[in-house]
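The structure appears below as structure tokens.
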Amino acid sequence: MVVVMEERATEAQIEKVVANLVEAGMDVHRSTGVNRTVLGVVGAHKVDAALIEVMDGVHEVLRITEPYKLASRTFKPEGTVIQIDDVRIGGDEVIVMAGPCSAENEEQVFTTAAACKKAGAKILRGGAFKPRSSPYSFQGLGEEGLRMLREAADQQNMKLVSEVMDSSQIDLVGRYSDIYQVGARNMQNFTLLRELGRTRKPVLLKRGIAATIEEWLLSAEYILAGGNTDVILCERGIRTFESYTRNTLDISAIPVIKKLSHLPIITDPSHATGKRDKVAPMARASVAAGADGIIVEVHCNPDKALSDGAQSMFPAQFDRVMAELRIIAPAIGRSICVEPVVKRGWGR
């Protein structure tokens, strides 16, 4: 249920409505828009909507028919913009996250970060804990990898997104990264999602390899219900009968999410295709379809990468796709900003 307050509702009126709902055993999530305050009401108990609607300051009461309440457009009609200092995800600017699949050594991390920044990326992506299909594959460097990624991001004035695989890693990853990433395999790890809901750092939630859009939004709901309102959805391809690409990037999920939810959505064309020559076309299509950003894998020497080398772009390829996106974005009223690069210790 959504309680929409009047434009001129006083704080005392809003607090009285909230108190009544809480007394009835409901959880209340407040969203303050441009003109009105909206209260998202969830819980197992039933509340008489008519009694709430006649309270002072209440404009109307709406029933949310979707199973995901806090993630729906009904709860919050305007799109959510997640701000991390000067980076705004979900605004007019298309935000690009780029970097290596995993941190391998200092030269690789620092060189790749510098190339990504130079091309226009604002957020460095990189893994220190790697969920791999085979237990014998490279699993990441752990805290040492996080340290290298953090130093490289700071050197290039970038934010950092890195994957957290388990509840026990939340504090450690949170000490180094600006955004928690939840991988496709953990999209329905509800224990992890609940714990991330108690944090106050943005969470990038990747769609599961066989998840429906509703299941994906319900996973986001776990984080939102915990009080963390900064969730970024990431379409990274789903498993279909097609075997030529690693997965099938569901471009149609972008406008569908935009209609159903207020949460920002980005795409991961690297994991979706699994082939570096297919990343650029899917990145272009994502921006044209209205994605709020993309996250791609870039490596200074992808043929020698310890993980996902085949889908990692060379820096020159990434630079070229960024130039292409700068042509596409203005056509749909968006932009991709490039800041001057400060050369500090690139050769490290």
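Please treat every number below as a calculation from the coordinates, not as lab data. Here the structure is a predicted model, which means the values were calculated and not measured. Every residue, glycine as well, gets a Cβ built from its backbone with ideal geometry; the counts of neighbours run over all protein chains shown.
Brief remarks on what is shown
- Rounded to 10°, Cα long-axis angle of helix 106-119 versus longest principal axis of the chain: 70
- The stretch 43-81: trypsin sites (Lys or Arg not before Pro) in DSSP coil with no more than 10 other Cβ atoms inside 10 Å: Lys46, Arg63
- Selection from Val41, Met165, Met26 lying farthest towards where the dipole of the chain points positive, charges on Cβ: Met165
- Of the residues His29, His299, His262, the one with the fewest other Cβ atoms within 10 Å heads the list, and the complete ranking is His29, His262, His299.
- Residues Phe129, Phe314 in ascending order of nearby Cβ atoms (within 10 Å, fewest first): Phe314, Phe129.
- Neighbour counts of C-beta atoms inside 10 Å place Ser270, Ser286, Ser72 in the sequence Ser72, Ser286, Ser270, starting with the fewest.
- Label-to-label distance, Gln83 versus Thr10, with points set 7 angstrom from Cα along the beta-carbon direction: 2.9 nm.
- Distant-in-sequence amide contacts of Leu263, defined by a placed amide H-H separation under 5 Å and a gap of 5 or more residues or a different chain, comprise Thr80.
- Between 0 and 90°, nearest 10: helix 213-225 axis offset from the chain longest Cα axis: 70
- Kirkwood Rh in Å, taken over the stretch 135-205 so that all alpha-carbon pairs contribute: 12.7
- Along the axis of the charge dipole computed for the chain (Cβ charges of +1 for Lys and Arg, -1 for Asp and Glu, origin at the Cα centre), the listed residues Ser270, Ile332, Met187 are led at the positive end by Ser270.
- Working from label points 7 Å from Cα in the Cα-to-Cβ sense, the Ala19 to Thr32 distance is 1.9 nm.
- Tensor-based shape of the stretch 210-348 (alpha-carbon gyration tensor, a/c under 1.5 rounded, otherwise prolate or oblate): prolate
- Listed residue (Met55, Ile238, Tyr176) projecting farthest to the positive dipole end of the chain, Cβ model: Ile238
- Cα-based shape type of the stretch 82-332, given that a ≥ b ≥ c are square roots of the gyration tensor eigenvalues and the cut on a/c is 1.5: rounded
- Full extension of the chain between Leu62 and Ala285 yields a length gain of 76.7 nm, computed as 0.36 nm times the residue separation minus the alpha carbon distance.
- Sparse packing (at most 16 other Cβ atoms within 10 Å of the Cβ) combined with a DSSP loop state is found for the following trypsin sites (Lys or Arg not before Pro) in the stretch 238-343: Arg239, Lys275, Lys343.
- In a fully extended conformation the segment linking Ser335 and Asn105 would gain 79.5 nm over its present Cα-Cα distance, using 0.36 nm per residue.
- Filtered trypsin sites (Lys or Arg not before Pro), the stretch 103-208: DSSP coil and at most 15 other beta carbons within 10 Å: Arg132, Arg198, Arg200
- Cα-based helix-to-principal-axis angle, 315-328 vs the chain, degrees rounded to 10: 40
- Adding -39500 (n - 2.57) for every DSSP H run of four residues or longer, then dividing by how many residues the chain holds, sets the calculated 222 nm ellipticity at -9500 deg cm²/dmol.
- Karplus 3J(HN,Hα) series, Hz, for the stretch 159-164 with 6.51 cos²θ - 1.76 cosθ + 1.60 (x for Gly, Pro): 8, 10, 10, 8, 7, 10
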